[in-house]
């Protein structure tokens with residue numbers, strides 16, 4: 001643990017795992033003010049840019065692999081600031097749904113958080129829809145979710161989702177229709193209660209039907225504005241197809257986004273599994289008493305729904321065993337309510353099974369649910 005000083009108009013970037021406490025001065029993270037003496041958590045493989053509005057002093061504790069550096073000025077590009085101002089002005093007048101597009105590691109989540117914090121500071125009601133099914137922050141893998149923000153945030157991982165939709169895969173190309181339907185539902189709900197809705201998306205922008213999927217998605221949710229983040233021109237084939245249908249805003253990628261390896265992305269998914277399977281136990285279900293949609297396969301992720309009359313997603317689980325002769329399913333889950341339906345998704349490569357026992361996993365960072373926000 002050490003104390004670090006930073007000058008006014010200087011950015012302190014902290015890569016996790018780490019904790020940071022503002023001891024003196026005035027600083028913010030992507031438009032969210034830091035509260036003095038409140039410890040904040042930086043997850044492993046995440047980077048937190050702390051901009052000093054005046055000379056400030058911090059207590060920083062770095063975990064294994066954590067890093068700290070200083071940069072002159074703000075790391076938020078001026079074009080981001082200008083675009084955010086224009087979007088907020090329109091949202092204040094008539095309400096707005098903004099969809100954020102881009103490939104991997106361009107700062108889509110960073111812009112989503114920044115725009116949301118700016119909106120909250122201006123007095124607008126704000127909802128976030130997380131459509132990145134593979135690297136979801138609001139909900140667990142294989143789901144999309146939404147929440148209306150009550151205060152500024154620095155990491156959407158610590159925001160509790162108010163609504164979740166199970167789509168069954170972490171690969172968008174495998175569940176295109178589920179994604180379109182689920183995100184349309186979430187956006188429609190959030191538009192009824194917030195002046196600004198910001199929808200983040202996955203990084204699938206090339207290969208297969210990526211272009212067509214993104215265009216269909218934007219049209220399905222009835223977006224007003226599309227923000228395209230790109231390092232060069234990699235998003236142009238999608239943005240050009242959207243011009244004339246919605247307002248298109250082209251912005252540069254975030255300057256300090258650190259590219260993540262496949263193993264690091266897998267690790268981030270494990271953080272989400274840990275969060276949503278915390279306190280999990282084995283649930284034994286008789287298939288004669290519940291509806292099962294899909295083929296029960298050990299290792300498959302499942303969506304668990306409440307009994308009728310309201311079909312409501314209770315949470316996720318993982319099939320440990322399918323005892324065909326006994327007509328019984330063993331599911332690892334934190335869900336405690338009465339389950340009326342099991343929807344089977346894909347078999348997760350993240351889990352390994354041996355003799356029907358609960359999944360083992362690689363070591364992953366421990367993140368406590370409900371960590372304090374800014």
Inset, instruction - Hey, for a label at residue 338 modelled as a point 7 Å past Cα toward Cβ, could you say which residues of segment 310-328 have their backbone N under 17 Å away? - result: 310-315
Inset, instruction - Once every Cα of segment 2-72 carries one equal point scatterer and solvent is ignored, give the base-10 log of I(q)/I(0) from the Debye formula at q = 0.14, 0.22, 0.23, 0.28 Å⁻¹, two decimals. - result: -0.33, -0.86, -0.95, -1.41
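Beta carbons within 10 angstrom, averaged per residue: use that to sort the peptides 56-63, 99-106, 139-146, highest first.
Details: 56-63: 17.4, 99-106: 22.2, 139-146: 25.6.
Final packing ranking: 139-146, 99-106, 56-63.
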Legend entry - Computed over the chain: relative contact order in percent, which uses C-alpha pairs under 8 Å that are six or more apart: 16
Inset, instruction - Multiply the residue gap between residue 232 and residue 104 by 0.36 nm, knock off their C-alpha separation, and tell me the result in nm, one decimal place. - result: 44.8 nm
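Given a Förster radius of 30 Å and the C-beta distance between residue 64 and residue 174 as r, what FRET efficiency does 1/(1 + (r/R0)^6) yield to the nearest 0.05? Before the final figure, lay out each step's value.
Details: r = 35 Å, r/R0 = 1.16.
Efficiency at R0 = 30 Å is approximately 0.30.
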Legend entry - Whole-number D in µm²/s for segment 272-347 (Stokes-Einstein; Kirkwood sum over Cα pairs; 20 °C, 1.002 mPa s): 176
Legend entry - Shape parameters for segment 78-252, alpha-carbon atoms, Rg then Dmax in Å: 14.5, 41
Legend entry - Inter-probe distance in nm under a simple model that places probes 7 Å from Cα toward Cβ, at residue 38 and residue 325: 5.8
Legend entry - Chain lengthening between residue 310 and residue 241 when straightened (0.36 nm per residue, less Cα-Cα): 20.9 nm
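Cβ neighbours within 10 Å, averaged per peptide: list 286-294, 15-23 in order, most packed at the top.
Values: 286-294: 12.9, 15-23: 20.2.
Result, highest mean Cβ count within 10 Å first: 15-23, 286-294.
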Inset, instruction - Determine the calculated [θ] at 222 nm for the chain from helices alone, applying -39500 (n - 2.57) to every DSSP H run no shorter than 4 residues and normalising by the residue count; nearest 500 deg cm²/dmol. - result: -7000 deg cm²/dmol
Legend entry - Label-to-label distance, nm, for residues given as residue 94 and residue 288 (7 Å Cα→Cβ offset): 6.0
Inset, instruction - Provide the convex hull volume over Cα atoms per residue for the chain, in Å³. - result: 136
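Ranked from highest to lowest mean number of other Cβ atoms within 10 Å per residue, what is the order of the peptides 122-132, 35-45, 72-82? Kindly include the intermediate steps, with their values, before the conclusion.
Values: 122-132: 22.2, 35-45: 17.4, 72-82: 15.1.
Packing proxy ranking, top to bottom: 122-132, 35-45, 72-82.
Rule-based calculations on the coordinates, nothing more; no lab input. As the structure is a computational prediction, the values presented were derived from the model and not from experiment. Ideal geometry is used to build each Cβ from the backbone, glycine not excepted, and the neighbour counts take in all protein chains shown.
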